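> The structure's right below; bear with me while I get my questions together.
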Ligand code: NAD
Ligand code: UGA
């Protein structure tokens with residue numbers, strides 16, 4: 001079966017960029033991305049490409065090439081499903097906040113709702129692709145919902161039939177476009193060879209066949225959770241060693257380089273920092289922890305839980321050491337915070353380490369001046385929550401505004417521009433003795449020291 005029309009439910013950080021690249025690489029396929037969120041769809045359709053709802057380097061050019069040609073964004077969910085040969089489910093799957101499994105299990109209400117919509121609106125044969133990250137065996141639920149509608153004839157049309165595939169997404173925010181254009185691998189899980197080959201036919205238009213992995217459904221679903229758990233585990237591992245470096249006089253950058261040179265370990269994902277953030281690493285490990293508990297594997301659950309605990313500890317540790325270095329109190333002191341996004345090159349702040357660190361410092365009655373090139377003041381206010389009450393913090397437009405009268409500057413996101421900060425200029429208006437706390441190892445420490453600042457860098461003993 002050759003795919004001519006695709007519908008993607010969910011126009012978020014995954015659905016938008018992924019479908020844009022599919023449309024770009026497959027001019028013969030009409031791709032419609034649908035979402036219930038009217039404001040989000042309007043932003044995807046904004047003639048000004050700098051206003052797309054997701055900031056990703058290179059995304060504007062891809063959308064600019066395809067939108068209106070074979071890439072469409074719409075809130076009309078039902079007709080888009082009805083017209084589709086293949087429907088991607090790319091909806092949010094956050095951690096449950098209440099009920100059974102609260103704080104660990106994924107909340108599958110949006111997956112269930114979108115599967116029900118597909119069951120209701122599809123016509124003829126439809127391949128349903130799980131793109132969201134899901135607990136292993138979710139495809140069973142999706143299949144059960146679709147099976148209940150199987151055979152129903154659309155008025156005058158052919159009876160409905162379905163095939164379900166798992167095709168998790170491995171893109172990282174900030175590098176979504178290169179990750180999609182040159183993926184390390186594309187993973188397709190399923191038990192229907194014709195459906196698998198139909199999806200291979202889509203990716204095969206730009207991804208070499210040896211990079212397209214075919215597995216059973218459950219291996220595919222579980223591989224996604226496992227990949228994120230392994231990535232997060234490396235970050236917690238290096239952050240644990242960073243603390244030991246600080247205590248012993250070793251330097252975590254030298255240690256990371258030395259161990260990463262071993263090809264069995266490899267050099268990637270060994271950057272110590274303020275802990276991992278983002279919408280997925282923590283969510284997916286917690287989900288794995290929940291699944292292990294469900295299957296009675298309590299030691300395995302505890303093993304992965306410790307990766308999340310170390311991450312939270314690292315964030316609180318950094319806030320605590322800022323207070324300690326500033327003579328044990330930050331009450332009423334102005335602290336400049338540079339970077340709020342969970343990593344560079346994205347406007348996403350979900351689970352950003354900056355949130356927890358800022359909240360801890362606000363609890364200590366610090367006055368924060370926060371600068372981030374892509375995060376809005378409204379987003380910061382929402383993230384800081386009740387502790388970020390009026391008057392306790394402000395969003396500023398430049399690093400220079402942030403440091404005026406400040407006792408310290410904290411770097412919490414590795415925006416490239418922070419590597420070239422003009423330390424003599426920034427240090428001048430600070431209250432002395434003043435500190436630089438570089439949680440991302442990006443600042444020019446020699447220049448900051450020469451400008452009279454005391455310096456702490458993560459993992460530098
Ligand atoms: P998101 O919250 O940015 O987007 C999800 C969108 O789905 C929202 O806009 C929401 O309005 C829409 N939606 C929900 N239910 C709907 C329905 N019934 N009909 C129409 N629209 C509906 O989420 P995201 O970051 O794109 O993540 C989506 C999935 O992909 C998650 O499972 C996540 O774990 C996974 N994932 C995310 C990333 C990432 O970098 N963000 C990477 C890989 C995988
Ligand atoms: C991560 C995975 O890398 C993707 O493969 C996956 O598809 C995605 O989750 C997902 O499922 O959502 P993402 O969270 O976008 O991608 O970004 P990462 O580059 O993994 O960074 C996550 C966090 O870890 C960031 O806060 C980053 O600053 C931090 N990090 C990363 C480190 O502290 N050290 C490192 O060496 C690498």
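> Along the Cα→Cβ direction, 7 angstrom out, place labels at residue 226 and residue 37. What is the inter-label distance in nm?
Modelled inter-label distance: 3.2 nm.
> On to the next question. Over segment 360-461, what is the relative contact order in whole percent, taking alpha-carbon pairs under 8 Å and six or more residues apart?
Relative contact order here is 23 percent.
> Also: Among 365, 114, 219, 236, what is the fewest-to-most ranking by other Cβ atoms within 10 Å?
Taking fewest neighbouring Cβ atoms as first place, the list is 365, 219, 236, 114.
> With 10 angstrom as the radius, rank 327, 269, 276 by how many other C-beta atoms surround their C-beta, starting from the fewest.
Least to most surrounded, the residues fall as 327, 269, 276.
> For a footprinting-style exposure proxy, rank 251, 438 by other Cβ within 10 Å, fewest first. Don't skip to the end; give the middle numbers.
Values: 251 16, 438 24.
Lowest count first: 251, 438.
> I want to make sure I understand the PRE zone here: with the label point 7 angstrom from the Cα of residue 211 toward its beta carbon, which residues in segment 14-53 have backbone N atoms less than 17 Å away?
Backbone N within reach: 18-26.
> Here is a further query. Put a dot 7 Å past each Cα toward the Cβ at residue 98 and residue 431; how far apart are the dots in nm?
Here the modelled spin labels are 4.3 nm apart.
> Further question: Can you tell me the length gained on complete extension of the stretch residue 416 to residue 309, counting 0.36 nm per residue apart and subtracting the Cα distance?
Net length gain for the segment: 35.6 nm.
> Based on the Cβ-Cβ distance of residue 401 and residue 251, what FRET efficiency does E = 1/(1 + (r/R0)^6) give at R0 = 22 Å, to the nearest 0.05? Please list the in-between numbers first.
Values: r = 33 Å, r/R0 = 1.48.
About 0.10, to the nearest 0.05.
> When DSSP assigns beta bridges and you keep just the ones with both residues in the chain, what percent turn out antiparallel, to the nearest 5?
10
> Run the numbers on segment 416-458 and let me know its relative contact order in percent, using alpha-carbon pairs under 8 Å that are six or more apart.
46
> Here's a follow-up. Calculate the length of the line joining the C-alpha centroid of segment 377-394 to that of segment 122-172, in whole Å.
Computed from Cα coordinates, the inter-centre distance equals 42 Å.
> If every alpha-carbon in segment 227-362 counts as one equal scatterer, what log10 I(q)/I(0) does Debye give at q = 0.09, 0.12, 0.13 1/Å?
-0.31, -0.55, -0.65
> If one computes P(r) from the Cα atoms of the chain, what percent of pairs lie at distances over 44 Å?
18
> Where the centre of each part is set by its Cα atoms, how far does segment 33-99 sit from segment 184-219, in angstrom?
Taking the Cα centre of each part, segment 33-99 and segment 184-219 sit 23 Å apart.
> Counting only C-alpha contacts under 8 Å and six or more residues apart, can you give the relative contact order of the chain as a whole percent?
12
> Which distance in Å, rounded to a whole number, links the C-alpha centroids of segment 439-461 and segment 409-435?
When both Cα centres are located, 9 Å separates them.
> So for the pair residue 320, residue 244, with labels modelled 7 Å out along Cα→Cβ, what separation do we get in nm?
Distance between label points: 1.8 nm.
> Let me ask another. Ranking request for peptides 296-307, 408-419, 381-392: highest mean number of other beta-carbon atoms within 10 Å first, then the rest in descending order.
On the way: 296-307: 15.2, 408-419: 22.3, 381-392: 13.0.
Ranked from most to least packed, the peptides come out as 408-419, 296-307, 381-392.
FYI, it's all coordinate maths here, none of it is from the lab. Fair warning: this is a prediction, and the values are worked out from it, not measured in the lab. Every residue, glycine as well, gets a Cβ built from its backbone with ideal geometry; the counts of neighbours run over all protein chains shown.
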